[in-house]
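No lab work stands behind these numbers, since they all come straight from the coordinates. Everything numeric here is computed off the predicted structure, so don't read it as measured data. Methodologically, a virtual Cβ is constructed for each residue, glycine included, from the backbone with ideal geometry; neighbour enumeration extends over all protein chains shown.
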Amino acid sequence: MSEQLRISAKNLGEVALPGFCPRCFWIKLRLQNKLPFQVFPGIFSSIDSYNKRLIHSWFDRHKGAPVWLKGLGTLSGYIEPPHFSKFNIMDKEYNILLTGSPDGIFVKPDRTHIIVDYKTSKYKGLHDKLYPMYEAQVNVYGMIGEQRGLAPVSGLALIYMEPVTDATAACDDANHRDNGFMMGFAANIQAVSLDAGIVRQLLKKAREIYEMPESPPGRTRCKDCELLANLLGVAKA
Ligand code: SF4
């Protein structure tokens, strides 16, 4: 029996990117994703969490969804997204524990569920170069949801919250406060098709890469690996 792997929805989604590097992924899997030199700004998770609270409090006060979510159709309520320690499933075929924590879960009048993820980013539709990763990420959520109390999942979506920073907004006195300024976010909803087949292909590829006894070749002309090779060359000399 192969060693059990634990992979988050987003990390599995990386495998779907056109510029995916199998060497990087192999290293991450072997190090259980504990990489050195990683610094992530906390502002994006703060915005996602504010976004979630904003929507939930609107539902609580107005008994319905804010108008900027109308692209999701009629919604009758929401469910607090579970923590990743509860929102996971074991894929027996590849012995991989799939984990995740979606940003939003909405209930439709027919009692089906829509699972969404918020992205603080310019909306480029299917031209977003990260779209294949996000598409896989929300499909993992859909797959977990089906087995963890959200069946049936009837829809998936990405909600791009695009900062409104044009000249009109910059010249609007209403955006000034005594203690700073306001910045708006415009919502763009991108529906994602339910496709468990995408997830199964990525699980297969992830297992194949992990089982390689040595790291596979990296991306050609990747500056970071060139720097490392040069450094190791200097260290050996
Ligand atoms: S080639 Fe680039 S992306 Fe791949 S392992 Fe090296 S540094 Fe990472």
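Which percent, nearest 5, of DSSP beta bridges in segment 5-236 are antiparallel?
Values: 22 of 34 bridges.
Of all bridge pairs located within segment 5-236, approximately 65 percent are antiparallel.
To the nearest 500 deg cm²/dmol, what mean residue ellipticity at 222 nm is calculated for the chain from DSSP H runs of n ≥ 4 alone, each contributing -39,500 (n - 2.57), summed and divided by the residues?
-11000 deg cm²/dmol
What shape does segment 83-140 have by the C-alpha gyration tensor, where a ≥ b ≥ c are the square roots of the eigenvalues, rounded means a/c under 1.5, and otherwise prolate means a/b greater than b/c and oblate the rest? Show your work: numbers first, answer last.
Working: a/c = 2.11, a/b = 1.23, b/c = 1.72.
Here segment 83-140 falls in the oblate category.
Tell me which DSSP H helices of the chain clear both cut-offs, 18 Å or more of axial length from alpha-carbon atoms and a mean Kyte-Doolittle hydropathy of at least 1.6.
Values: long enough: 43-62 (28 Å, -0.61); 131-147 (24 Å, -0.31); 196-210 (21 Å, -0.07); 223-236 (20 Å, 0.49).
Both cut-offs are met by no helix.
Straight-line reach from Lys52: which lysines have a Cα under 24 Å away, not including same-chain ones fewer than 8 places off?
Within the straight-line limit of under 24 Å, Lys52 reaches these lysines: Lys10, Lys63, Lys70, Lys86, Lys108, Lys119, Lys122, Lys124.
Of all the stretches in the chain, which is the longest one without any exposed loop site, taking GluC sites (Glu not before Pro) in a DSSP loop (any state but H, G, I, E, B) with at most 12 other Cβ atoms within 10 Å?
On the way: sites that count: Glu3, Glu93, Glu211, Glu214.
The longest uninterrupted stretch comes out as 94-210.
Whole percent per 10 Å bin, from 0 to the bin with the longest distance: what is P(r) over all C-alpha pairs of segment 110-172?
P(r) for segment 110-172, in whole percents per bin: 20, 39, 25, 12, 5.
Using a basic spin-label model with each label point 7 Å from the Cα along Cα→Cβ, how many nm lie between Arg30 and Ala196?
Here the answer is 3.4 nm between the modelled labels.
State whether the chain is rounded, prolate or oblate according to the following rule on the C-alpha gyration tensor (a ≥ b ≥ c being the square roots of its eigenvalues): a/c under 1.5 gives rounded; otherwise a/b larger than b/c gives prolate, and the remaining case gives oblate.
oblate
If the reach is capped at under 19 angstrom between alpha carbons, list the aspartates and glutamates near Lys28, excluding any in the same chain fewer than eight residues apart.
Glu3, Glu14, Glu208, Glu211, Glu214, Asp224, Glu226
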